[in-house]
Structure formats: structure tokens, C-alpha cells
Amino acid sequence: MSGVVLVAENGLGRYQQSVTAGEHRLVADEPASMGGGDAGPAPFDFIMAGLGACTSMTLRMYAERKGLALTGIRVALNHEKVEIDDVQRDCIHRTITLDGELSTEQRQRLMEIANKCPVHRALSQSFMLDCVLSTD
């Protein structure tokens, strides 16, 4: 399971945040078009990065286990709002590029595996969010 991620304003921009994930330090911000300073990825960029990384890692693990000739993986993602039955929904488009001498059947199976990565599964379901206000 993932560890604790800590996010706090860093005082360096209107919306700029310091993100600590274990030993890793990141910056999040909104783009200039949203009033931010564009000092780091926006929140949805982090979601897409997590999905893309999980997809690629899952495919690599599967290919290694099955001995597939998969020589490279690229995942391109973008986010948009779409209207479905008069309700605005978030939609992430994911395009996977697989390099290597792979049969049509192997490529199809890899696509099925991509849809089983843990982050894809979580995003495809309704999350349960437990939010509390700290007393500190």
C-alpha cells in the first residue's frame, strides 16, 4: 500500500503546494490560466501521472513474467469534462503505445492487463473518501 502523502501551502505562489510522498518532494500548482504560477503539475496531472505510471509498470511486470518481447511502453493521457445524461463527468483519455515484436493477440492481452492496473481499477469505481478536520 501507499504511504502517507502530505500536502501544504508553501507560500511561494497563490496556489502553490509542497507535496511530500515518503522521501520525495514535489510541487503542485495551478496553471496561469487558472490563476496559479504553473510551478508544478496541476492536481489532475498528478492523477493522470499515477494512472500512466501504474499502467506502464503493470504492463512491464506482466511482460517480464510472460517473457514477451515488449521493448518499450508509452502512455499518453489527457483529461476533459464531458456531459453524460445532462451530468458533467470527468473523462481521462489514455493512449498506450507498445514497442516490440508482439502479435496481435499479445497486444490485445496487454490492453486487457492495462485495464487491470490498480489505479485504473480504483478510478473506474466510486472512491470512498474519508475526510476529517484535524483538531491541531
Where the accessible area of the chain is counted over protein heavy atoms with a 1.4 Å probe, how much of it, in %, is carbon and sulfur?
-> 54
Spherically averaged projected area in nm², based on the convex hull that wraps the Cα atoms of region 95-136 = 5.1
Just grab the label-to-label distance for residue 89 and residue 129, each label 7 Å out from Cα along the Cβ direction, in nm (one decimal).
-> 1.8
Spin-label pair residue 112/residue 57, simplified geometry with 7 Å Cα→Cβ offset, distance in nm = 2.4
Grab the other residues whose beta carbon is less than 15 angstrom from that of residue 87, score K and R as +1, D and E as -1, and report the net.
-> -3
What net charge is computed for the residues neighbouring residue 31, neighbours being all others with C-beta under 10 Å from the C-beta of residue 31, Lys and Arg scored +1, Asp and Glu -1?
-> -4
Residue-averaged 222 nm ellipticity for the chain, from DSSP H runs of 4+ at -39500 (n - 2.57), nearest 500 = -10000 deg cm²/dmol
In what order, largest first, do 71, 135, 20 sit by accessible area if the probe radius is 1.4 Å?
-> 135, 71, 20
Dipole-positive endmost among 106, 4, 31 within the chain (Cβ charges, Cα centre) = 106
With Rg from the Cα atoms and Rh as the Kirkwood inverse mean 1/r over Cα pairs, the chain has an Rg/Rh of 1.03
So what's the angle, to the nearest 10 degrees on a 0 to 90 scale, between helix 104-114 and the longest Cα principal axis of the chain?
-> 30
Accessible area expressed per residue, the chain, with surrounding protein chains retained (probe 1.4 Å, Å²) | 74
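The values are calculated or read from the model by the stated rules, or taken from the named source; none is laboratory data. Treat the numbers as computed from the prediction; the structure is a model and nothing was measured. Using ideal geometry, Cβ is built from the backbone for each residue, glycine included, and neighbour counts are taken over all protein chains shown. What goes into the accessible areas is simple: the full protein's heavy atoms, side chains included, and nothing from ligands, DNA or RNA. Shrake-Rupley method; radii C 1.70, N 1.55, O 1.52, S 1.80 Å.
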